[in-house]
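K.L.:
One structure, as C-alpha cells, below. Some questions next.
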Amino acid sequence: MEVKSLINNWEGNRENRANMSLVRFPRRLAAFVILLIIALTSLGLIAANIYTVGVSQVGILVNPYTGEFSGPVAGPTLAWKSVPWVNVVIVSTAVQTIQMVGSGNNINVLTRDNLNVSLDVTIRYQVMSTNVITLYKHYPALSWEDNALVPLIRSSVRDVVANYTADELQAVRAQIQVGVENKLTTSLETEPSLANDIQLVELNLRDIVLPNSFLAAIQAKLNAQQQLLQAEFQAQQLIVTALGQRNATIITAQAQANATLIQASANAQSISNIISQVEAQTGTTWNSTQVAAFTNMYTELQLLSKLTGQNLYIFVGSPNGSLIIPTKP
C-alpha cells in the first residue's frame, strides 16, 4: 500500500508540474512579443529621426508647426533630427543644365528689323549652398527654374538680339553670346528672389535659326551679287580686249604710216639724186616746174612698172646730151 501511494503521489506531482509549465509558456511568449514590439517601435522612432544628405546636396530642416528653418546641412552626411515631425528638404547644389533647344522649346525673338528668329541656348547654373534657405523660402516647391530662371533667360536673349538686324546675327554671334551672359548675370543679381542664390556657370548659344523665306532671300541676293560680279568681270574682259584691239590697230596704222613716210622720203631722196645727176651730166639747172613734172612722171611710171613687172624708162634730152633713166633701180 505504501508503494502504491508513492507511485500515485509521484504521478500527481508530474501532472501538476506539466500543468504549471503550460501556464508559464503563454506568459513568456506574451512578454517576448511585448519586448519585440517595444524594440521595433524604438528602432522605428530612431530610423524616423535619421536622415541622409548625398554628395552635392544640402538639407534644410523645416518645422511645420513653428515655421522654423535650420541648416543647411551639407552632404554627404548621416544626421539626426531633434524631433520626428521636422521635415527634411533636399536641394541639389550640383551644376544644373537647362536645354532650350528645338521647336517649341527654343527662344523666339524679334530682330531690329522685326524678323522673327529662333535661338537654341543651353544654360548651366548652380544653387549657392550658403543661401539655399532664402531660395527655398521664395520657392518652397523648388520651382525657381520654371518660375524665375527660364523667364529671365528668355528676356535677356530678347533684349540683346533686338539690337541687331537679321542679316547681322551670324556675323555677331559671339557678341550676342557675351551680351546675353552679361545681361543674365545682371538680372540674377537684381532679381530679389534669386539674388546671391543662383550662380550662372555657362551660357552657350548653340544655333540661330532663321526663317526659310529669309534664307531664300539671302540666297537670291548672293546669286544676284555673283551674277553681277560675273557680268562686271566679263565687261572688264571685253573692255580689255577692245583696248588691245584698238592699240593693235593704232600700232599697225602708225607702222604703216611710218613705212609710207619712210618710203615717200626714200622716193623723194631718190628723185632728188636723179635730178642732180641729170643736171650734172647735161650741164643744166632745173626749175621747180621741171622738177615737179619729172617727179610726177617718175612716180607714175614707177607705180606702173610695179604693176606690170616691166622696167620702164624716162628719156631726157638736152643740148649737151641725152639720158635714159630706168624706173627700176
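K.L.:
Checking Thr185 against (1) more than 26 Å from Tyr139 (Cα to Cα); (2) surrounded by 13 or more Cβ atoms within 10 Å (Cβ to Cβ); (3) polar (S, T, N, Q), only one condition comes out false. Which one?
P.N.:
It is condition (1) that Thr185 fails.
K.L.:
Among the residues that make up the stretch 171-182, is at least one of them over 18 Å from the mean Cα position of the chain (by Cα) and over 30 Å from Thr66 (Cα atoms)?
P.N.:
There is at least one residue in the stretch 171-182 that is over 18 Å from the mean Cα position of the chain (by Cα) and over 30 Å from Thr66 (Cα atoms).
K.L.:
In the stretch 51-72, what residues are closer than 20 Å to Val95 by Cα and surrounded by fewer than 18 Cβ atoms within 10 Å (Cβ to Cβ)?
P.N.:
Within the stretch 51-72, Gly54, Val55, Ser56 meet the criteria.
K.L.:
Being at pLDDT below 90, over 16 Å from Leu110 (Cα atoms) and either polar (S, T, N, Q) or loosely packed, with under 12 Cβ neighbours inside 10 Å (or both) narrows it down to one residue among Gln170, Gln219; which is it?
P.N.:
Among Gln170, Gln219, only Gln219 is at pLDDT below 90, over 16 Å from Leu110 (Cα atoms) and either polar (S, T, N, Q) or loosely packed, with under 12 Cβ neighbours inside 10 Å (or both).
K.L.:
Is it the case that Leu149 is open to solvent by less than 60 Å² (accessible area, probe 1.4 Å), over 19 Å from the mean Cα position of the chain (by Cα), under 30 Å from Asn63 (Cβ atoms) and not charged (D, E, K, R)? Even if it seems obvious, please write down each step before you answer.
P.N.:
Working: open to solvent by less than 60 Å² (accessible area, probe 1.4 Å): yes; over 19 Å from the mean Cα position of the chain (by Cα): yes; under 30 Å from Asn63 (Cβ atoms): yes; not charged (D, E, K, R): yes.
For Leu149, the condition - open to solvent by less than 60 Å² (accessible area, probe 1.4 Å), over 19 Å from the mean Cα position of the chain (by Cα), under 30 Å from Asn63 (Cβ atoms) and not charged (D, E, K, R) - is met.
K.L.:
Has the stretch 110-130 got at least one residue that is open to solvent by 50 Å² or more (accessible area, probe 1.4 Å), among the hydrophobic types (A, V, I, L, M, F, W, C) and part of a loop (DSSP other than H, G, I, E, B)?
P.N.:
Yes, the stretch 110-130 has at least one match.
K.L.:
Next question, about the same structure. Failed condition for Asn108, given (1) closer than 15 Å to Ala166 by Cα; (2) touching a residue at least 40 places away in the same chain (Cβ under 8 Å); (3) of a type outside the set (A, V, I, L, M), with all others met?
P.N.:
It is condition (2) that Asn108 fails.
K.L.:
So which of Ser143, Ser156 is surrounded by 15 or more Cβ atoms within 10 Å (Cβ to Cβ) and either of a type outside the set (Asp, Glu) or in contact with a Phe, Trp or Tyr (Cβ under 8 Å, 6 or more places away or on another chain) (or both)?
P.N.:
Ser156
The values are calculated or read from the model by the stated rules, or taken from the named source; none is laboratory data. Note that the coordinates shown come from a computational prediction; the quantities given were computed from them, not determined experimentally. With ideal geometry, Cβ positions are generated from the backbone for all residues, glycine too; neighbour counts draw on all protein chains shown. Ligands, DNA and RNA are excluded from the accessible area calculation, which covers all protein heavy atoms including side chains. Shrake-Rupley method; radii C 1.70, N 1.55, O 1.52, S 1.80 Å.
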